[in-house]
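Some notes on the structure that comes next.
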Amino acid sequence: MGNILVWGLWVLAALACIGSGVAVISFTNPFYSALALIGNLASLAALFLLASAEFVAAAQILVYAGAVMVMFLFVIAYLGGRADAPWAGGPKWLQLGSFVVGAAIMIEVIVALIAKADGRLADRAEIERSFGSPAEIGRLFLTDHLLAFEITSIVLLVAAVGGVVLALKTEAENEA
């Protein structure tokens, strides 16, 4: 009975993930798209919980659905309806490039699924007991991956400042 419940929750979370992902790209209002993205991140956290990755699920909710999405919502609120579709009707090479990248990702997913079905990916990796623990992740962030960690924080800071600058520029344009 417990296994059926887990599979039922997994299917429900997977459908919620797919549905909210479709909603993100189909809504024309950027605020509603951001809210749908929060739903997508929450359903991904549920999938992580079902995979016994509690720390990753908590980080998903706290960092992405919490901090990053709040920053997105602030930027959307600053820009308002003025930046709904900056590349609408843009150059054809941008549309072609998007299609090529999407097709390449789809081919990569299909190849990975075929390789998994063949059994080539069936060998289990040796995982240390401390793998995935908060202490191990913190140690890696502050030793081996410190530069990437700091670059990420700087990129997020630049994004926040850029949102404020764009909002100030659009306010000046509206007053003129």
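What to note about this one:
- Just one residue in the set Val100, Val70, Val63, Val109 is under 25 Å from Gly39 (Cα atoms), at pLDDT 80 or above and not assigned by TED's automatic domain parsing to the domain that holds Ala45; that residue is Val109.
- Each residue in segment 51-69 was checked for being closer than 19 Å to Val6 by Cα and surrounded by 15 or more Cβ atoms within 10 Å (Cβ to Cβ), and 3 of them qualify.
- For segment 1-81, the helices (runs of 4 or more DSSP H) that sit wholly inside it and include 2 or more residues that are farther than 25 Å from Leu168 by Cα are 2-26, 30-50, 54-59.
- Neighbours by Cβ (under 6 Å, 6+ apart or cross-chain): first from segment 146-157, in the same structural domain as Tyr64 (by TED's automatic domain parsing); second of a type in the set (A, V, I, L, M, F, W, C): Phe149/Phe141
- For segment 131-152, the set of residues classified as under 21 Å from the mean Cα position of the chain (by Cα) and over 29 Å from Ser52 (Cβ atoms) consists of Glu150, Ile151, listed by residue number.
The values are calculated or read from the model by the stated rules, or taken from the named source; none is laboratory data. Given the structure is predicted, the values throughout are model-derived calculations rather than measurements. Because the Cβ atoms are built from the backbone with ideal geometry, glycine has one as well, and the counts that use them run over all protein chains shown.
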